[in-house]
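Every read-out reported here was derived from the displayed coordinates using simple, explicitly stated rules and does not represent laboratory data. Note that the structure is a prediction, hence the values are computed from the model and not measured. Don't worry about glycine lacking a Cβ; one is built from the backbone with ideal geometry, like all the others, and counts go over all protein chains shown.
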Amino acid sequence: MAISLIMWDGLWLVAGALIGGIPMLNALGTDADHARLVTEFSVFCGVVLFASVLANAFVSKRKNSEKEYDIFFSTGLLMLIATSILLMLNQTVGMFGRNAHQMLVVLCCFGLFRCGVEVLSQYWLYLPFLAPMVLVIGNGAQLSQAEDLVLRSNGRFRLKKVVDCSDLTCDQNGLYAITNGKQLHEYLRRERINKVIVSFSERRGAFPVDEILQCRMSGIEVIDAVTFYESMNKKLFIENITPSWFIFSSGFRISTMLRFFKRLLDIGGALFGLVVCLPLFPLVALLIKLDSSGPIFFRQVRVGEGDRLFTIFKLRSMRQDAEVGTGAVWASKDDPRITKLGAFLRKSRLDELPQLINVLRGEMSLVGPRPERPEFVKDLKQEIPFYSERHYMKPGVTGWAQVRYPYGASLQDAVEKLRYDLYYIKNYSLLFDVWVILLTIGVVVFRKGAR
């Protein structure tokens, strides 16, 4: 693996040198210049490949990261390490001299090649004639859901056949009838089917273990419906998940060091946000007072990490007597309890800014599942499976569900948001946090999205 990685990175270095190193060749004069350039370029390549090994070794340990983002993370880390070493050599021993800028150009070209080829390798299958041919096998409602996912993949996959095991046992004889007397893996080879999606609502007595195993051992990709659903929708299919799936699936692994760096990101981001938004607070406070009677800040008890209760801070966006006589009620999209200014504060998310204080206090994070009220959590735990699992991380000022799902305030909306929350926890990485923060900024700027 490491040797293959070094070989590929060496190839991208050569490609980068051919493009970015041309000015160096034009500037060469004497034989001494040639010898110096060869020496410096050899050191440069050694530094870049050394940084590549370090960066990829670090990324490979992030088992719960989103794989499609790993190439960008590792390339950025690689270039940071390499640039630091190259600048140190330049400042201490005077290496590279007038070619320092060209070396940095080559490094940038190397990074572009490295990321560009990886992106191309991931998305070239979107071309219609290259999209994998898929066979879906299963029974019940989940079979039709998997079929629908393939059909709605925007050309990423082509559906060849759906094998419904509801009315047959799917044993050897049953499959022979479907595949015209051929074994399943032979049929898939003949029809050039690249992927098998297994989607069984009930597997007892229906799951063709031997046939599926033969497909897997013969090199055909076999994927279960839960994993396929996750990769397509960036959320979890909680209706078909068992406790054992949580135990044995990849992800859900947040190390102490990762929590430490997440906390540093939270503190830095919260301080930056408070400093930037500090000039807005007096104006917003005055407008809240002029708009309706009541306090400027709103305090409410929410459920945090480990089911611990804490008090959340927000700018008041509802009437002071909003829940008098009704108690805890879901907020709706066009809630009549919201003041005129409050509607703007909610849409722009300015009412969430005081939660940066909760972040500094360690009760919340910048990114995570949104905290709910204990009155709602009590009912949601009884109605929705695995709802408590969202409390294994600190709640966030924003979250994956908030940037992916529109405003909602019902049991079904809570289910949908849980799908995204669990996906975030399963695939957590610092890069994922940065991505959510950038998406949130886009939501705020264009004033649309969920809370």
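Give the residues of the stretch 208-234 whose amide nitrogen is closer than 18 Å to a point set 7 Å from the Cα of Lys161 in the direction of its Cβ. Hits in the stretch 208-234 for Lys161 at 18 Å: 208-223. Of the peptides 231-244, 136-149, 278-291, 428-441, the ranking by mean beta-carbon count within 10 Å, highest at the top, reads 136-149, 428-441, 231-244, 278-291.
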